Structures are given as structure tokens and as C-alpha cells.
Amino acid sequence: MSIKMKNLDAGLGVVFIGEGIVAGEEIIHSNRTLLSFKEKIKTSKYCIVDYSYASNFDVSASEIETIAAQDKEISKYLPEYIVAIVAKKDVEFGVSRMWETLIEINDLQWETMVFKERDDAEEWIKHKVKEKYDIDLTFKFSEPKNRAVD
């Protein structure tokens, strides 16, 4: 599988890192994994999805719709989530913007933004989490208190 999930800041955040060939089914699988933790993910405040290391991005429009539908389900547990996507290549950037549009259409109350650079995404996340929750982030990989995602 070319998508890895890691906890950040003792479970306050999660990063999904796409490497090599990233297929839509892998993103769908990652969302299923996240959904399997339901109650445990409620402590999460933010997510970074980083496609910087993807060599190929194979995600169809119907898979984006499925992912957006899964995110609607996830939003029941994370109603005010903050999501930054890092997409350096035009294909990943365009597909990520399509996802962002579906999130808005589905009326999720998430704050989302797509970036070309990871540093910009992290700065935006830091600002949003500080503004919303008054929490200073470090982005350190860590084991969460309620171990939601490996």
C-alpha cells in the first residue's frame, strides 16, 4: 500500500503520506481504516494529506465522490476538522480541489486548503489550530493517548 498514516502531536493530528503510485482505492481504504476507530478519532483536530512523494496519482471522479461520501461519515465524529492537502503536481492538485468542492457541496464544516508545499500546509494548520483550539503544534510523530491510528 502506498499510503501511510502516522499520528502527530499525541493524537491531535494525523498525516497521510502517499508514496509511489497512489490509487483511489488506497485512499478509500485509508478512510475505512480511520472510520473503524470512530469514537477514538474524536480527539483529532487536524489532518495533513501529503502527496509530495507520489510518482503517479490514479484517482477517478467516481472514487473522489466515494471519498467525499466517506468524509461526510467521518465528519460525524470530527465535525470541525482542519485538513491540509499537499499536492505539488497539477494532477494531484486538481483532484484535491475537486474533493474540496465536494466537501463544500456536502456541507461539511471542515476547513480545507490545498497547498503545493508541505511547509505552507503546516503553517496554515498551525495557525488554524491555534486560532480555533488555542493549541501550539509541533508536528512530532507520537503515540496517541487513545491510539487511533498507527
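Counting only residues that are touching a Phe, Trp or Tyr at 6+ places or on another chain (Cβ under 9 Å), more than 16 Å from F57 (Cβ to Cβ) and surrounded by fewer than 18 Cβ atoms within 10 Å (Cβ to Cβ), how many does segment 5-27 have?
So the count comes out to 2.
Taking the conditions exactly as written (touching an Asp or Glu at 6+ places or on another chain (Cβ under 7 Å), assigned to a helix (DSSP H, G or I) and either within 19 Å of K4 (Cα to Cα) or modelled with pLDDT under 95 (or both)), does I17 satisfy them or not? Step through it out loud before you land on a result.
Values: touching an Asp or Glu at 6+ places or on another chain (Cβ under 7 Å): yes; assigned to a helix (DSSP H, G or I): no; either within 19 Å of K4 (Cα to Cα) or modelled with pLDDT under 95 (or both): yes.
It is false that I17 is touching an Asp or Glu at 6+ places or on another chain (Cβ under 7 Å), assigned to a helix (DSSP H, G or I) and either within 19 Å of K4 (Cα to Cα) or modelled with pLDDT under 95 (or both).
Can you report the number of residues in segment 67-104 which are of a type outside the set (F, W, Y), without any contact (Cβ under 8 Å) to a residue 40 or more places away in the chain and in a helix (DSSP H, G or I)? Write out each step before concluding.
From segment 67-104, those of a type outside the set (F, W, Y) are 67-76, 78-80, 82-92, 94-98, 100-104; that's our starting set.
Filter again for without any contact (Cβ under 8 Å) to a residue 40 or more places away in the chain, leaving 68-69, 72-73, 75-76, 78-79, 83, 85-91, 94-95, 97-98, 100-104.
The next check asks that each one be in a helix (DSSP H, G or I); those that pass are 68-69, 72-73, 90-91, 94-95, 97-98, 100-104.
Residues meeting the conditions: 15.
Give the residue, chosen from N106, N56, that is at pLDDT below 95 and closer than 27 Å to I21 by Cα. Write out each step before concluding.
On the way: N106 fails: closer than 27 Å to I21 by Cα.
After applying the criteria, what remains is N56.
I'm trying to understand the selection: among the residues of segment 68-111, which are surrounded by 14 or more Cβ atoms within 10 Å (Cβ to Cβ), closer than 19 Å to H127 by Cα and not aromatic (F, W, Y)?
Answer for segment 68-111, where residues must be surrounded by 14 or more Cβ atoms within 10 Å (Cβ to Cβ), closer than 19 Å to H127 by Cα and not aromatic (F, W, Y): L78, I82, V83, A84, I85, V86, E111.
Consider only pairs whose beta carbons are under 8 Å apart and that are at least six residues apart or on different chains; among these, list those whose first residue lies in segment 33-62 and is at negative phi and surrounded by 14 or more Cβ atoms within 10 Å (Cβ to Cβ) and whose second residue is in a strand (DSSP E or B) and acidic (D, E).
Matching pairs, first to second residue: Y53/E19; A54/E19.
Suppose the filter is farther than 19 Å from F141 by Cα, touching a residue at least 40 places away in the same chain (Cβ under 8 Å) and more than 13 Å from the chain's Cα centre (by Cα); does G20 pass it?
Values: farther than 19 Å from F141 by Cα: yes; touching a residue at least 40 places away in the same chain (Cβ under 8 Å): no; more than 13 Å from the chain's Cα centre (by Cα): yes.
Considered against the rule, which asks whether it is farther than 19 Å from F141 by Cα, touching a residue at least 40 places away in the same chain (Cβ under 8 Å) and more than 13 Å from the chain's Cα centre (by Cα), G20 comes out as no.
Residues in segment 24-43: is at least one within 22 Å of K132 (Cβ to Cβ), hydroxyl-bearing (S, T, Y) and modelled with pLDDT under 95?
yes
The values are calculated or read from the model by the stated rules, or taken from the named source; none is laboratory data. Being a predicted model, the structure only gives us computed values, none of them experimental. A quick note on method: Cβ atoms are made from the backbone with ideal geometry, for glycine too, and the neighbour counts reach across all protein chains shown.
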